[in-house]
1. Note down all Cβ pairs under 7 Å where the first residue falls in region 30-45 and is over 15 Å from L15 (Cβ atoms), the second is open to solvent by less than 90 Å² (accessible area, probe 1.4 Å) and of a type outside the set (V, I, T), and they're at least six residues apart or on different chains.
2. Scan (1) free of Cβ contacts under 8 Å to residues at least 60 places away in the same chain; (2) assigned to a helix (DSSP H, G or I); (3) exposed (fewer than 14 other Cβ atoms within 10 Å of the Cβ) for the single condition E19 breaks and write down its number.
3. Checking the conditions here, which among K60, K87, K94 is open to solvent by 50 Å² or more (accessible area, probe 1.4 Å), modelled with pLDDT of 95 or more and either in contact with a strand residue (DSSP E or B) (Cβ under 8 Å, 6 or more places away or on another chain) or not in a strand (DSSP E or B) (or both)?
4. Residue check, L46 against (1) open to solvent by 50 Å² or more (accessible area, probe 1.4 Å); (2) not in a loop (DSSP other than H, G, I, E, B), all met but one. Which one?
5. Considering only residues that are part of a helix (DSSP H, G or I) and of a type outside the set (K, R), look in region 74-84 and name the one that is surrounded by the most Cβ atoms within 10 Å (Cβ to Cβ).
Amino acid sequence: MNSQFKKGIIEICVLKIMEEKDLCGFDVIERLSKEVPVNENTIYPLLRRLTKQGYFETYKVPSPVGAPKKYYKITNDGEERLDENLKEWKQFFKGVFRILEGDGSR
C-alpha cells in the first residue's frame with residue numbers, strides 16, 4: 001500500500017479515536033494496532049504534528065511509577081478537520097466502489 005495513502009487513513013483513524021476520549025500515545029497505538037498494522041514510529045510523529053497544527057492539546061497525568069503520562073485531547077479545530085476528512089474519504093470511496101462495482105456506463 002502506498003505510504004502516503006496509508007498515512008492519510010491513519011491520520012483519520014487517530015482523529016476519530018481521539019474524538020471518543022483522551023488517550024496517551026501508547027493507548028492510541030494499542031487501539032489502532034487491533035485493526036491496522038501500526039507502530040510507535042508512525043504514531044508518535046503523527047501525534048506531535050497534529051498537536052503542532054492545533055488539532056490536539058496535551059496535558060500530563062501523574063503516574064504511580066515513573067514520569068507523568070502525556071494525554072492528547074482533540075480540539076475544536078481537530079473535530080472540524082476530522083469532519084472534513086471523513087467527508088472527503090467517504091466521497092472518494094463512493095467513487096472507487098462505483099468504479100469497482102461497475103456503474104453501468106459501458
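1. Correct list of pairs: Y44/G25.
2. Unmet for E19, out of (1) free of Cβ contacts under 8 Å to residues at least 60 places away in the same chain; (2) assigned to a helix (DSSP H, G or I); (3) exposed (fewer than 14 other Cβ atoms within 10 Å of the Cβ): (1).
3. Result: K60 is the single residue among K60, K87, K94 that is open to solvent by 50 Å² or more (accessible area, probe 1.4 Å), modelled with pLDDT of 95 or more and either in contact with a strand residue (DSSP E or B) (Cβ under 8 Å, 6 or more places away or on another chain) or not in a strand (DSSP E or B) (or both).
4. Result: L46 fails condition (1) only.
5. G78
The values are calculated or read from the model by the stated rules, or taken from the named source; none is laboratory data. Worth saying up front: this structure is predicted, and the values here are computed from it rather than measured. Reconstructed Cβ throughout: ideal geometry from the backbone, glycine too, with neighbour counts over all protein chains shown. For accessibility, only protein heavy atoms count, side chains too; no ligands or nucleic acids. Shrake-Rupley method; radii C 1.70, N 1.55, O 1.52, S 1.80 Å.
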